[in-house]
1. Kindly provide the set of residues from the range 183-236 that are of a type outside the set (S, T, N, Q) and assigned to a loop (DSSP other than H, G, I, E, B), ordered by number.
2. Please list, ordered by residue number, the strands (runs of 3 or more DSSP E) wholly in the range 35-85 having 3 or more residues that are touching a Gly at 6+ places or on another chain (Cβ under 6 Å) and surrounded by 17 or more Cβ atoms within 10 Å (Cβ to Cβ).
3. Scanning for something of a type in the set (Phe, Trp, Tyr), farther than 30 Å from Asn50 by Cβ, surrounded by 12 or more Cβ atoms within 10 Å (Cβ to Cβ) and outside the structural domain of Ile82 (by TED's automatic domain parsing), does the range 211-230 turn up at least one residue?
4. Given the conditions (1) modelled with pLDDT under 95; (2) outside any helix (DSSP H, G or I), which single one is not true for Val258?
5. Kindly establish whether Phe73 is closer than 22 Å to Leu235 by Cα, over 15 Å from the mean Cα position of the chain (by Cα), modelled with pLDDT of 95 or more and in the same structural domain as Ala126 (by TED's automatic domain parsing).
6. List, please: which pairs have Cβ atoms under 6 Å, are six or more places apart or on different chains, and start with a residue in the range 216-239 that is small (Gly, Ala, Ser) and end with one that is in a loop (DSSP other than H, G, I, E, B)?
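The values are calculated or read from the model by the stated rules, or taken from the named source; none is laboratory data. Predicted, not measured: the structure shown is a model, and the values here were computed from it. When we count neighbours, we look across all protein chains shown, and the Cβ atoms used for this are built from the backbone with ideal geometry, even at glycine.
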Amino acid sequence: MKRYFILLLILLVGGLTACGPGNKKNRSMETETKLKIETSAGDIVVKLYNETPQHRDNFIKLAENGTYEGTLFHRVIKDFMIQAGDPESKNAPKGKMLGSGDVGYTIPAEFVYPKYFHKKGALSAARQGDNVNPQKASSGCQFYIVTGKVYSDSALLSMEQQMGQMRLNNAFNALAQKHMKEIYKLRKSGDHEGLMNLQDTLIAQAEAEVAKMPEFRFTPEQVKAYTTVGGTPHLDGEYTVFGEVLEGMDVVDKIQKVKTDRNDRPEEDVKIIKVEVLE
């Protein structure tokens with residue numbers, strides 16, 4: 001355990017790659033907005049959740065101003081997700097590495113967990129990793145649709161235990177970030193004993209924080225979804241889920257199966273032709 005944490009401490013100094021506020025139209029909390037994502041592989045209809053209003057309004061704004069027209073599904077991983085929305089992917093030459101494009105702003109995380117989670121078909125916002133984005137703010141433009149895989153009950157039980165360890169890791173990383181000046185000073189001076197003592201202190205503090213939290217458990221709804229249709233449960237609580245696919249999962253499945261290069265970019269472009277607000 002301690003050896004693991006010291007590695008985190010020494011290395012600490014990405015997640016899904018990232019790329020303002022959306023429009024201010026008043027939208028009924030009773031009616032969910034639906035949009036059609038027209039792609040070169042077929043159409044995908046999604047609905048946006050009203051409980052994530054900043055993500056909803058931003059996605060609608062980008063759809064209406066044509067930001068997504070001509071962009072690619074630039075990162076595709078079978079049994080995981082398909083990602084799009086990078087403005088730099090428009091007319092990108094074959095083989096170019098994509099995923100760093102943005103629209104100049106991020107959106108604060110809007111976690112509505114565990115009501116909305118990473119089941120197959122979930123529409124979620126990409127973001128930069130915790131090391132540069134500890135608040136888990138979403139990309140202003142990049143999004144992904146979950147494909148995932150089906151899990152057994154025993155696999156979910158094991159994952160619950162792993163989630164507990166992840167909480168401890170996250171708490172430790174957050175504390176380490178606050179002590180970066182001290183860590184650099186100890187490293188520069190070669191004070192290994194001081195570094196180990198600081199590590200022990202931060203581990204104890206992280207354990208105390210996690211002990212105050214309720215034990216992690218998947219809800220019955222999550223268990224049902226993850227053991228039947230599937231998903232990516234390890235992303236829950238880490239990325240904002242702001243909608244889901246209503247129609248066109250066959251298109252999503254078709255896209256996830258395309259041949260990709262070593263950077264997970266499809267060898268043959270899968271393009272977003274247009275994103276249209278239906279209602």
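1. Taking the range 183-236 and keeping what is of a type outside the set (S, T, N, Q), we get 183-188, 190-196, 198, 200, 202-204, 206-218, 220-221, 223-226, 229-231, 233-236.
The answer is Gly190, Asp191, Lys212, Met213, Pro214, Glu215, Phe216, Arg217, Phe218, Val229, Gly230, Asp236.
2. Values: elements: 42-48, 73-77, 81-84.
It comes to 42-48.
3. Residues of the range 211-230 of a type in the set (Phe, Trp, Tyr): 216, 218, 226.
Those still in the list that are farther than 30 Å from Asn50 by Cβ too: none.
No - not one qualifying residue is present in the range 211-230.
4. Evaluating Val258 over (1) modelled with pLDDT under 95; (2) outside any helix (DSSP H, G or I) leaves (1) as the failure.
5. On the way: closer than 22 Å to Leu235 by Cα: yes; over 15 Å from the mean Cα position of the chain (by Cα): yes; modelled with pLDDT of 95 or more: yes; in the same structural domain as Ala126 (by TED's automatic domain parsing): yes.
Answer is yes for this residue.
6. Close Cβ pairs satisfying both conditions: Gly230/Lys120; Gly230/Gly148; Gly230/Val150; Gly231/His118; Gly231/Lys120; Gly231/Gly148; Gly237/Tyr113.
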